[in-house]
Structure formats: structure tokens, C-alpha cells
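Data block below; observations after.
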Amino acid sequence: MTRVLFRIPALILLSFGLLGCISTMPGDLRFSGVELIEVPEVTGKEIDRGRYTLRSGYIPRLMVKLASKENIFSFAKKKGVRVSANVYFCENPNEEVLLKRGGVFIGDKSLDDLLLSNAPIDSLNTNRSGDYIYIIKIGLYSPEIDGGSITLEAFDLVKNPRDICLFLELKSMLGGYESKTVKIPQKEIKKAISPILYHEGVKS
């Protein structure tokens, strides 16, 4: 991973001392696959509901799988950083949208939950190829959301599939790291969406 130092006030630097040298992290994160999954309604205000709903009453979302030889949980635990994902439409990185739903997962466990619970470093398993598989969940739809100081733009991946880019961020108060950018091609998104949305009667 590429080292990134975030701008922080001089007062904080004086309080915590010099940052010093921090080793970088391998940037082998890569797109492994994407599929449609069924997610139960989390709250009565779930923004996906009302636009696309499965016959089961569940909400469809995209599950993006990322592969890496790197144990990101182990790295984050040793460096004292939190793990998140920055997800955006590739052709317009500055467009403010609510694409990501939740954190970064390995299996059904959030990496941040594992960090908070002080899980052992060897608690994660690789697949047969020796890769760790990390999961990001992405919504298919969002209305425009007025957040006061910032407005999140509407999008609809069913009617208008778009290339999605993302990278992982590992950061603390004093700095952090980010992975290489991974692209999820539009054609892969269309292929993942089509079996259920067009053949199993999703309401739209």
C-alpha cells in the first residue's frame, strides 16, 4: 500500500511528537468478483426500499469481492489504524454519492469489529489460492440526500450501470495508508444485477 500522510494541526503534532518513518504496505489488492445478495431491512428508513425489493421482501445489494495476499487485519492491528473503503464512480471522483453500505468485511465479520474485539491476528483464513478475500457491500440505488452542508447525489445502477472505483483506507489521527485503486467494470455490474432483477421479478 502507498503511504499517505493526512494534514493535521501543528498542535496535535506537538502533542504526539514526530511521525517518523512508517513502512508501506504491498499494493496487491485486486478485483475478484461481484454478485447480487439479499440483505434484510436494517431500519424502517432503509433508503433502498421503495425502489428495488426482492420477492422475499429483502433488499438486493452488490457484494464486491477483493483479493489480496496481505492480511490487512494483521497490518491494521499492528499499526493501530482503522479500516474503511472509499467508493465512487470512476468517471467522476468528486461526485458525492452514498454507494457503500457498511464497512469492510472478511466473511461476515467487519474488520473494524475484529479490531475492536481484539481478535487474534491468526483468526482469518485464506482461500485455496492463498488470498484473503475482502468484501464491500454497495447499494443499487439512492435518492438525493440533503445532508445540510453536503448533498449526496441520486444514482440508480439498475437503470444506469456505471464503472465503480474503490480503495481501502487505513488511518489513525496521525496518518495512514491507502491501497491501489480497484475498478469494478460496468459490464460486471450489469452481469451481477441481471439474473434477479430481470428474471425473478424485482419490483421497480
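Solvent exposure of Lys69, expressed as accessible area, is near 110 Å², computed with a probe of 1.4 Å over the protein chains only. Modelled spin labels at Lys180 and Glu38, positioned 7 Å past Cα toward Cβ, are 3.7 nm from each other.
Using a simple spin-label model with pseudo-atoms 7 Å out from Cα toward Cβ, Lys69 and Ile47 lie 3.8 nm apart.
The values are calculated or read from the model by the stated rules, or taken from the named source; none is laboratory data. On a predicted model such as this, the values are computed, not experimentally measured, just so you know. Neighbour counts run over all protein chains shown; Cβ positions are idealised from the backbone, glycine included. Calculation scope for accessible area: heavy atoms of the full protein, side chains included, ligands and nucleic acids excluded. Shrake-Rupley method; radii C 1.70, N 1.55, O 1.52, S 1.80 Å.
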